[in-house]
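Written out below as structure tokens is the structure these notes cover.
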């Protein structure tokens, strides 16, 4: 069962293919967006913004449905990329 450390401020939802690295970049634009959001929030408030932001393949042995439901329900904000 997830503990308090699993509770995030922001839950991000996106398709992995939408976050592919662009030419000359090591990270995708959604990764860049999330990093900028965290950096700007920290600079403005002095507090770290925690994000549920999964990168990489989803392994079948993980209980992803539970993690996603818990992540959405416990986050203060939900950002969907389409």
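Pairing each residue of the range 14-25 that is more than 21 Å from residue 52 (Cβ to Cβ) with any residue that is modelled with pLDDT of 80 or more and assigned to a helix (DSSP H, G or I), provided the two are 6+ apart or on different chains, yields C-beta distances under 8 Å for 22/29; 25/32.
State all residues of the range 36-79 that are modelled with pLDDT of 90 or more and in a loop (DSSP other than H, G, I, E, B); if no residue qualifies, say none. Passing the criteria: 46, 47, 48, 49, 75, 76.
The values are calculated or read from the model by the stated rules, or taken from the named source; none is laboratory data. In this text, all values refer to a predicted model and were calculated from it rather than measured experimentally. Using ideal geometry, Cβ is built from the backbone for each residue, glycine included, and neighbour counts are taken over all protein chains shown.
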